[in-house]
Amino acid sequence: MAVQKTYTMIKPDGVRNGHIGEIINRFERAGLKIEEMRLEMVTPAQAKANYAEHEGKPFYDGLIDYVTSGPVVKMVVSGEGAVAKVRALMGSTNPAEAAPGTIRGDFGLTMDENVIHGSDSTESAEREIGVFFG
């Protein structure tokens, strides 16, 4: 498996509820490296670019409002198979279905407040890194 870069973001609920350190610790214990990290607000333009594939869906406006509602931790993470590793660490999108021991299984509250976002492919990672880190 090749070394990859991926994008991940601790969402406003994860920041607000104090899970930053534990999430970063889980990434590092899994052999991933934090290449870049910023604590800052997501702009509406960044949110719309990141979630463009969901435009027009019933949850889209709420998603944009939510992700821009408070500070997030934006990260570029690298390592062997980074995309798949981060996805496995995150767990299922729905925290009610996420396995215990995953980030969403342990900290997620609802589908809307599910703590973390992670790229779903190397192509998405490249696009999302461009959106959030230029």
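The values are calculated or read from the model by the stated rules, or taken from the named source; none is laboratory data. Since the structure is predicted, the reported quantities are computational estimates derived from the model, not experimental observations. Positions of Cβ are generated from backbone atoms using ideal geometry, with glycine treated the same way; all protein chains shown enter the neighbour counts.
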Next on the checklist: Going residue by residue through region 42-51, is there one that turns out to be of a type in the set (Val, Ile, Thr), more than 24 Å from Ala82 (Cα to Cα) and at pLDDT 95 or above?
Outcome noted: yes
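Inspect all residues belonging to region 94-103 and state whether any of them is among the β-branched types (Val, Ile, Thr) and within 22 Å of Gly134 (Cβ to Cβ).
Taking region 94-103 as the starting set, the residues that turn out to be among the β-branched types (Val, Ile, Thr) are 102-103.
From what's left, within 22 Å of Gly134 (Cβ to Cβ): none.
No, region 94-103 contains no residue that is among the β-branched types (Val, Ile, Thr) and within 22 Å of Gly134 (Cβ to Cβ).
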Checklist entry - So which residues in region 44-53 are farther than 20 Å from Thr6 by Cα and without any contact (Cβ under 8 Å) to a residue 12 or more places away in the chain? => result Ala45
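I need a count of the residues in region 21-45 that are out of contact with any Lys or Arg (no Cβ under 9 Å at 6 or more places or on another chain) and either crowded, with 17+ Cβ neighbours inside 10 Å or of a type in the set (S, T, N, Q) (or both).
Our first condition is that a residue be out of contact with any Lys or Arg (no Cβ under 9 Å at 6 or more places or on another chain); within region 21-45, this holds for 21-26, 28-29, 33-34, 41, 43-45.
Imposing the further condition that a residue be either crowded, with 17+ Cβ neighbours inside 10 Å or of a type in the set (S, T, N, Q) (or both) reduces the set to 23-26, 43.
Residues meeting the conditions: 5.
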Next on the checklist: Being touching a Ser or Thr at 6+ places or on another chain (Cβ under 8 Å), at pLDDT 95 or above and surrounded by 14 or more Cβ atoms within 10 Å (Cβ to Cβ) is the requirement here; does Val73 meet it?
Outcome noted: no
Checklist entry - Do we find a residue being in contact with a strand residue (DSSP E or B) (Cβ under 6 Å, 6 or more places away or on another chain), aliphatic (A, V, I, L, M) and under 25 Å from Asn17 (Cβ atoms) anywhere in region 43-65? => result no
Checklist entry - With Phe133, Phe107 as the choices, which residue is in contact (Cβ under 8 Å) with a residue 12 or more places away in the chain, farther than 22 Å from Gln4 by Cα and of a type in the set (Phe, Trp, Tyr)? => result Phe107
